[in-house]
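Before any comments, here is the structure.
What follows draws every value from the coordinates through simple rules; no lab data is involved. Computed from a prediction, not measured in an experiment: that's the story for all the values here. Every residue, glycine among them, receives a Cβ derived from its backbone with ideal geometry; neighbour counts consider all protein chains shown.
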Amino acid sequence: MKIAQIVGARPQFVKLAPLSRLVRARHTEVIIHSGQHYDIQMNDVFFRDMQIPAPDHDLRIGSGGQGVQTGEILAALEPILREEMPDWVIIYGDTNTTLAGALAASKMGLKTAHVEAGLRSFNRAMPEEINRVVADHVSDLLLCPTPAAMENARREGLAEKTRLVGDIMTDALKLGLEIAQGSSDALEELALQPGDFYLLTLHRPYNVDDPQSLNHILTGLDGMGKTVVFPVHPRTRNVLAELQIDVFKNIRFVEPLSYLDFLGLMGAAKMVLTDSGGIQKEAYILGKPCVTLRSETEWIETVESGWNLLLPVDSASFPGVIAGFTPPAARPELFGSDVAARILEILENA
């Protein structure tokens with residue numbers, strides 16, 4: 001069987017790693033990288049650190065507006081898929097690469113499987129929400145991470161093509177931690193002590209594209225008096241240039257980290273502060289309290305468990321409730337295990 005895997009952004013590289021290992025051992029794999037994330041720390045380093053083979057096709061699309069980027073990826077994918085003609089096309093998550101891959105494959109009549117299907121934030125102002133909804137509706141097989149995702153798909157009339165497989169990030173984190181043992185020295189390089197800092201990630205346009213909004217967030221977090229380590233996403237660098245960041249005494253602005261270094265910091269942090277869907281889940285799997293700087297989440301189970309606190313940055317509670325946020329002792333297994341093996345078994349028997 002020939003399986004094409006389409007990726008283009010950091011979270012997709014990580015999720016690809018455990019499934020790629022199994023596919024390569026038993027089938028022919030074709031990795032197609034759109035180039036949506038083109039920064040060296042968000043591209044080559046992830047493939048190297050997670051021991052993923054070099055892409056068979058690198059589209060090198062780069063940045064662009066939502067429509068332009070999606071259109072360019074779609075146009076570039078069609079001739080490659082026509083050349084390869086895989087038995088299955090696998091797409092991941094909710095990026096423009098996901099949407100373009102789903103559209104290209106479905107228009108060509110190629111069987112498409114969507115990993116991380118059924119997730120919904122119910123916020124149509126997020127481009128990611130549009131991407132995941134469309135991808136689910138045109139894909140042939142929806143590989144859902146949780147019962148809630150299965151229910152979302154059912155409500156949209158997609159139940160017949162859904163399968164509950166668990167979340168592939170459980171496999172990816174296990175693999176990443178195994179590789180990272182003894183190889184990451186990020187704590188030492190940044191002179192950090194375990195449990196003595198918060199780890200912050202921001203990339204949502206409504207949080208980082210407006211200098212006033214970003215300044216509001218950073219001012220609030222700086223005022224907590226606790227060290228906040230902030231690896232700065234490439235899209236945020238230019239906005240930071242408009243702010244007087246030297247006034248922030250407790251925020252450590254650092255370059256984007258390799259995946260293994262980031263895992264090491266997340267494992268050592270007192271708490272994770274983020275607007276990323278994927279990092280909310282990673283924090284839960286690693287047993288780290290998480291404060292999500294949004295009003296909604298795709299991972300409602302983590303909120304219901306008490307381990308993830310939704311905190312819109314324009315609320316009166318920001319940032320005051322952060323310091324006192326303490327999750328319960330119990331942390332149910334929400335996301336399964338051996339997910340990559342389950343996915344491949346389903347593909348082989350479909």
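Here the sum of -39500 (n - 2.57) over DSSP H runs of 4 or more residues, divided by the residues of the chain, equals -12500 deg cm²/dmol at 222 nm, to the nearest 500. Which residue, Pro86, Val138, Gly67, has the largest displacement toward the positive end of the dipole of the range 1-155 when charges sit on each Cβ (Lys, Arg +1; Asp, Glu -1)? So the residue we want is Val138.
The phi-based Karplus calculation (6.51 cos²θ - 1.76 cosθ + 1.60; θ = phi - 60°) puts the 3J(HN,Hα) values of the range 132-139 at 6, 5, 5, 4, 5, 6, 9, 7 Hz, whole numbers, x for Gly and Pro.
For the range 150-297, what relative contact order do you get, as a whole percent, if you take Cα pairs closer than 8 Å and at least 6 residues apart?
Details: 184 pairs, mean separation 39.1, N = 148.
RCO, the range 150-297: 26 percent.
Dipole orientation for the chain: of the candidates Ala330, Gln212, Ala316, Ala330 has the Cα lying most toward the positive pole (charges on Cβ; Lys, Arg +1; Asp, Glu -1).
Each peptide in 273-280, 9-16 receives the mean, over its residues, of other Cβ atoms within 10 Å, and ordering these scores from highest gives 9-16, 273-280. Distance between the C-alpha centers of the range 252-279 and the range 120-172? Whole Å please. The distance from the Cα centre of the range 252-279 to that of the range 120-172 comes to 26 Å. Taking the C-alpha atoms only, the angle from helix 339-349 to the longest principal axis of the chain is near 20 degrees. Could you work out the relative contact order of the range 212-350, using alpha carbon pairs under 8 angstrom and six or more residues apart, expressed as a whole percent? Relative CO of the range 212-350 lands at 17 percent. Considering only alpha-carbon pairs that sit under 8 angstrom and 6 or more positions apart, the relative contact order computed for the range 1-102 is 37 percent.
Charges only on Cβ, +1 for Lys and Arg, -1 for Asp and Glu: so what's the dipole of the chain about the Cα centre, in debye to the nearest 20? The calculated dipole for the chain is roughly 340 debye.
Along its principal axes, the range 183-310 has C-alpha extents of 38, 35, 26 angstrom, given from the largest down.
Listed from fewest to most Cβ neighbours within 10 Å, the set Lys281, Lys161, Lys288, Lys249 follows the order Lys249, Lys161, Lys288, Lys281. Dipole of the range 183-310 computed with +1 at Lys/Arg Cβ and -1 at Asp/Glu Cβ about the Cα centre; of Pro194, Leu286, Asn238, farthest Cα towards the positive end is Pro194.
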